[in-house]
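To keep things clear, I will list the structure first and then write my remarks on it.
Readers should treat all values here as calculations from the given coordinates under stated rules, not as data from a laboratory. Nothing here was measured: the structure is a model prediction, and the numbers come from that model. Every residue, glycine among them, receives a Cβ derived from its backbone with ideal geometry; neighbour counts consider all protein chains shown.
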Amino acid sequence: MDRDAVVVGGGLAGTLAVGALLGQVDRVTLVERDRFPVGPEGRKGVPQGRHLHVFLSGGQRALDELLPGVGAELAAAGAHRLEMPRDILTRMPGGWQRRFHEGRHALVSCTRPLLDHVVRARVLAEAAESGTRLEIVEGAEVTGLLGDPDLVTGVRIQDRGRAGAGARELNAALVVDASGRGSRAPEWLEGLGRAAPREEVVDAGLAYVTRMFRLAEPPDAGVYIMPGPGVPRGGVAVPVEDGRWLVTLSGGRGEEPPTGDGEFLDFAASLVHPYLYELIKTAEPVSGVHGYRNTANRRRHYDAPGGVPEGFVAIADAACAFNPVYGQGMTVAVLSGLALRDHLAGGGLRPGLAAAVQGAAARAADTAWLTATAADRPFAAAGAISLGFVDRLKSRYFSRLTARVAVDPKVGAAYRDLVSLTVPLSRLLHPAIVARVLLLPRRPGLADPPLEVGPGPRGH
Ligand SMILES: Cc1cc2nc3c(=O)[nH]c(=O)nc-3n(C[C@H](O)[C@H](O)[C@H](O)COP(=O)(O)OP(=O)(O)OC[C@H]3O[C@@H](n4cnc5c(N)ncnc54)[C@H](O)[C@@H]3O)c2cc1C
């Protein structure tokens, strides 16, 4: 027990936490309330897995650091690589962005079940070679923590579907909560007599619907139509493995996309440009329409001084979940896994580890949090409270900036660095970028999607 760890939840973050713990503890027990599928299949505990999941280059780099070569394994399993801005036709609020080869950031695009499957298989293979014993408890749910307000010493678990039986305790020197957006750790901590962490919520009220298609004549690029002023509806279509395309449509409060089969195309037709609708109107649907509404940005400040007791860490969505439209959550999950690995490598299980990991995981989430909440705050506040002066200023700056991205390769490059989570938000406040955003006149992007790849920035 002195060198045992428990990981709560076997999603992406929990699987990577297991990987980070290998070689650092005697035994790691992964408790997952679902049963894992044998192949790349979805499961109930990860309902968002039916929706489009692109993986940003900041996350790809971190994942290759944690599990070297896994990017190539994903590609071999059929994941696509969509280089930005060449391989994604992007409609910014001010018009379409030019397509050219920049060679700095690519999105990895595959289904979430495939990504989870490849990562899980790899971590299981590493576990088999490691000195750490891995035990997987499936079909059981963590229901509470053991210990006292200052020290967590394990978890209480309950087999699912066996009410009144199957309850037991697992002792551990470290408990990692990776149970996702629905984590109940705040209540578990209260159960130990400790205050729940302060929570921040910025909810733009976005709703998602997703459907899988097979296209008769797939184009050579995905498409992303951003919502804009006046048309708060957006859509994305990307190729995934096995020749299929995932299409996600989204709308803010009052503009939620319907989940009926027939209405999917109607909603696609209502976007600011008909390109996506034209792409799928005669395509063969190969799934039903799936909806998702729990999309608020939600951050629990476990990183505040005294935020966690010894022996307890919360990572990824369990600590900080984002509006999914920015595609950041998996990247932050990987960065948290890296933070856990690095802190364990710096001295193993020890007093102070939990707070140090929590601080590093929070820093890993900062850029994503600041970006998502800056973009969402005006929608979150709409009609409810009015924005303060600073928020109005930020919002205006972001609106000018996104308008410039479509026409300005320098601003575009900085923006792509940021949205790929490879630089901090301050990159957009570099004087050269601020000057271009504030001083150059607004110019519209292209009126129609560029179907051909054009020359790079020097040709503009
Ligand atoms: C609609 C949608 C689209 C998204 N698109 C993107 C995208 O394009 N790109 C991107 O990077 N991110 C995207 N995300 C975010 C991404 O899904 C999450 O950030 C990511 O899944 C976080 O991983 P996690 O391991 O923390 O949580 P999860 O993947 O949610 O895993 C949590 C796991 O814990 C288990 N569990 C829960 N409670 C317990 C318990 N008490 N005991 C035992 N097990 C438990 C669950 O069964 C599950 O397996 C999207 C999210 C949504 C909702």
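Using a cutoff of 8 angstrom between alpha carbon atoms and counting only pairs six or more residues apart, the relative contact order for segment 389-459 works out to 36 percent.
Dividing the summed helix terms, -39500 (n - 2.57) for each DSSP H run of n ≥ 4, by the number of residues in the chain produces a 222 nm estimate of -10000 deg cm²/dmol to the nearest 500.
Here the simple spin-label model places points 7 Å from the Cα toward Cβ, and for Asp342 and Glu73 these points are separated by 2.3 nm. Among Tyr397, Tyr275, the ranking by other beta carbons within 10 Å of each residue's beta carbon, starting with the fewest, stands as Tyr397, Tyr275.
Among the trypsin sites (Lys or Arg not before Pro) within segment 169-234, those in coil by DSSP and having at most 13 neighbouring Cβ atoms inside 10 Å are Arg198. Summary: within the chain, the longest segment free of GluC sites (Glu not before Pro) located in DSSP loops with at most 15 other C-beta atoms within 10 Å is 42-451.
Among residues other than Asp220 with Cβ under 12 Å from its Cβ, the summed charge is -2 (Lys and Arg +1, Asp and Glu -1). Close amide H pairs (under 5 Å, H built 1.01 Å from N) link Ala167 with Asp159, residues at least 5 positions away or on another chain. The ranking of Arg404, Arg253 by Cβ neighbour count inside 10 Å, starting from the fewest, reads Arg253, Arg404. The ranking of Val325, Val31, Val313, Val46 from fewest to most other beta carbons within 10 Å of each one's beta carbon is Val46, Val325, Val31, Val313. Modelled label positions at Val38 and Ala435, each set 7 Å beyond Cα in the direction of Cβ, lie 6.3 nm from each other.
For Glu83, the residues 5 or more places off, or on other chains, whose built amide H falls under 5 Å of its own are Leu107. For the chain, the relative contact order works out to 21 percent when only alpha carbon pairs closer than 8 Å and six or more residues apart are counted. The length gained on full extension between Lys410 and Thr143, counted as 0.36 nm times the residue separation minus their Cα-Cα distance, comes to 91.1 nm. Please give the FRET efficiency for Asp266 paired with Val423, using the beta carbon to beta carbon distance and R0 = 60 Å, rounded to the nearest 0.05. The formula returns an efficiency of 0.95 here.
So if each residue of separation counts as 0.36 nm, and I subtract the Cα-Cα distance between Arg162 and Ala447, what length gain in nm does that give?
Contour length minus the Cα-Cα distance gives 96.6 nm.
Listed by chain and number, the aspartates and glutamates whose C-alpha is less than 18 Å from the C-alpha of Lys394, apart from same-chain residues fewer than 8 away, are Asp203, Asp366, Asp376.
Dipole check for segment 389-459: with +1 at the C-beta of Lys and Arg, -1 at the C-beta of Asp and Glu, and the Cα centre as origin, the magnitude is about 320 Debye.
Between the listed residues Ala76, Pro305, Thr132, the Cα displaced farthest toward the positive end of the dipole of the chain, a dipole computed from Cβ unit charges relative to the Cα centre, is found at Pro305. May I ask for the net charge around Arg43, where only other residues with Cβ less than 12 Å from the Cβ of Arg43 are counted and Lys, Arg are +1 while Asp, Glu are -1? Around Arg43, the charge tally is +1.
Working from Cα pairs under 8 Å separated by at least six residues, relative contact order for segment 205-292 is 41 percent.
Spacing of the modelled spin labels on Phe389 and Glu190, each 7 Å from Cα toward Cβ, amounts to 3.8 nm.
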